[in-house]
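In what follows, a structure is listed as structure tokens, so that the remarks can point back to it.
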Amino acid sequence: MTTVILFLVVIVILVVGHELGHFFVAKAFGVRVDEFGIGYPPRAKKLFTWKKTVFTLNWLPFGGFVRIFDEDATSEEHRAGSFAYAKMYKRVLIIAAGIIANMVIAMVLYAISFGIGFFGSPSDFSGSVALSPVRALVTSVVSDSPASTAGLKNGDAIISLAAGADAATPTTVEGVISFIHAHGDEPVTLSVERNDEVLTFVATPKAGVVGAAPGIGVSLAEAARMRLPFFRALGTGVTYTLHQFKATVVGIGALVGGAFQGNTAMLSQVSGPVGIAQIAGQAYSLGIGSLLSFMALISINLAVINLLPFPALDGGRLILELFASKGKSKIPKKAVSAINQIGFLILILLMVLVTYSDIRHLIA
């Protein structure tokens, strides 16, 4: 239940933030916004009216929307406040504002995360203040594995290992794996730090949990809890967002290119709602700073995806605006509507397929 709530909170905050970008820029340019909805229809409740815009709460809690006046119409009777009759640069900026909002949100979230404390490699963040030593951190636990049965959880930082007469205090992933492999099916005692408390668990490795070699069923990463000074956190929030934006563009480009070439291997790595909910839960287990960093990364992904020149996405709408001026479009209104509807249906189909893949991997 916690992961479901976290998923809904993450999606609603980021999508509503995206829509607020459209909303405020439209208002700034004098374009009328009839409704700002939290969630998707059907409508559950009218919340209030602000500057002639009705704010509503809707039953489907998966984001939000703005309903801009005359966005798709061509009526000359309603030029005042009409999106269709606004100058092209205003229409383009209104559409692009959602993408820009997601980037700004990511910068703010990263800056807060870096300022309050997050897990990462100190070598990647110069000037960071270490709040804990570098340790092998549990990032995920395989269900029904020795680690799961023993009680290990995401976010546990491994302090020491013991098996028989041997003991070790490895600080690297390789050190932990080597120790477990070296002791075969002997019970291994793990001392871990969880929420500033040291706990002890006993897990007996077995083959086939992760691979052929004996294992306890955990994924690990080397990390330390650290934070950045205020101004460095602000600056790093901006530069790290731009770095992640570039990496996301490259990644999605490779994904799309691979799909056109018939390479579907990378598609299996794409996460849908179920996968995002799981990762959100894992991030939350590492602390608020890690959850905020995860939200920032999702916000960047939303920005990049909306840049794609695909119908129903902001990128596709931007292209359509190049064919419109003074309330009229060179493309027939019915054709534009059909293009957007087809694009929306394709996006829904892709979401269903990705969700199915998530569930299949979850129960495999």
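The values are calculated or read from the model by the stated rules, or taken from the named source; none is laboratory data. Just so we're clear, the structure is a prediction, and the values are computed from it rather than from any experiment. Please note: Cβ atoms are built from the backbone with ideal geometry, for glycine as well, and neighbour counts cover all protein chains shown.
Look at residue 156 and say whether it is of a type in the set (Asp, Glu), more than 26 Å from residue 234 (Cα to Cα) and over 26 Å from the mean Cα position of the chain (by Cα).
When the stated conditions are applied, residue 156 does not pass them.
Limited to the stretch 182-205, what total is found for residues that are charged (D, E, K, R) and either touching a Phe, Trp or Tyr at 6+ places or on another chain (Cβ under 7 Å) or in contact (Cβ under 8 Å) with a residue 40 or more places away in the chain (or both)?
Going through the stretch 182-205 one residue at a time, the tally reaches 2.
From the list 62, 23, which one is under 23 Å from the mean Cα position of the chain (by Cα) and either part of a helix (DSSP H, G or I) or modelled with pLDDT of 95 or more (or both)?
Working: 62 fails: either part of a helix (DSSP H, G or I) or modelled with pLDDT of 95 or more (or both).
When all the criteria are applied, what remains is 23.
Give just the number: which of (1) at pLDDT below 90; (2) surrounded by fewer than 19 Cβ atoms within 10 Å (Cβ to Cβ) does residue 49 not satisfy?
(1)
Hey, among 233, 277, which residue is in contact with a Phe, Trp or Tyr (Cβ under 6 Å, 6 or more places away or on another chain), modelled with pLDDT under 75 and crowded, with 19+ Cβ neighbours inside 10 Å?
277
Run down 113, 145 and say which single residue is among the polar types (S, T, N, Q), touching a helix residue (DSSP H, G or I) at 6+ places or on another chain (Cβ under 7 Å) and crowded, with 18+ Cβ neighbours inside 10 Å.
Within the list 113, 145, the selection yields 113.
Could you tell me which residue of the stretch 173-204 is nearest to the chain's Cα centre (by Cα), considering only residues that are modelled with pLDDT of 90 or more and assigned to a loop (DSSP other than H, G, I, E, B)?
Selected residue: 204.
Please pick out the residue among 119, 114, 83, 125 that is touching a residue at least 40 places away in the same chain (Cβ under 8 Å) and either among the basic types (Lys, Arg) or over 30 Å from residue 290 (Cβ atoms) (or both).
83
Out of the residues in the stretch 65-101 meeting the condition of being buried (at least 18 other Cβ atoms within 10 Å of the Cβ) and among the acidic types (Asp, Glu), tell me which one is modelled with the highest pLDDT.
70
Looking at (1) closer than 20 Å to residue 194 by Cα; (2) part of a helix (DSSP H, G or I); (3) not small (Gly, Ala, Ser), find the lone condition where residue 153 falls short.
The one condition residue 153 does not meet is (2).
Among (1) under 30 Å from residue 241 (Cα atoms); (2) touching a Leu at 6+ places or on another chain (Cβ under 8 Å); (3) free of Cβ contacts under 8 Å to residues at least 60 places away in the same chain, there is one condition residue 179 misses while meeting the rest; what is its number?
So the condition that residue 179 fails would be (1).
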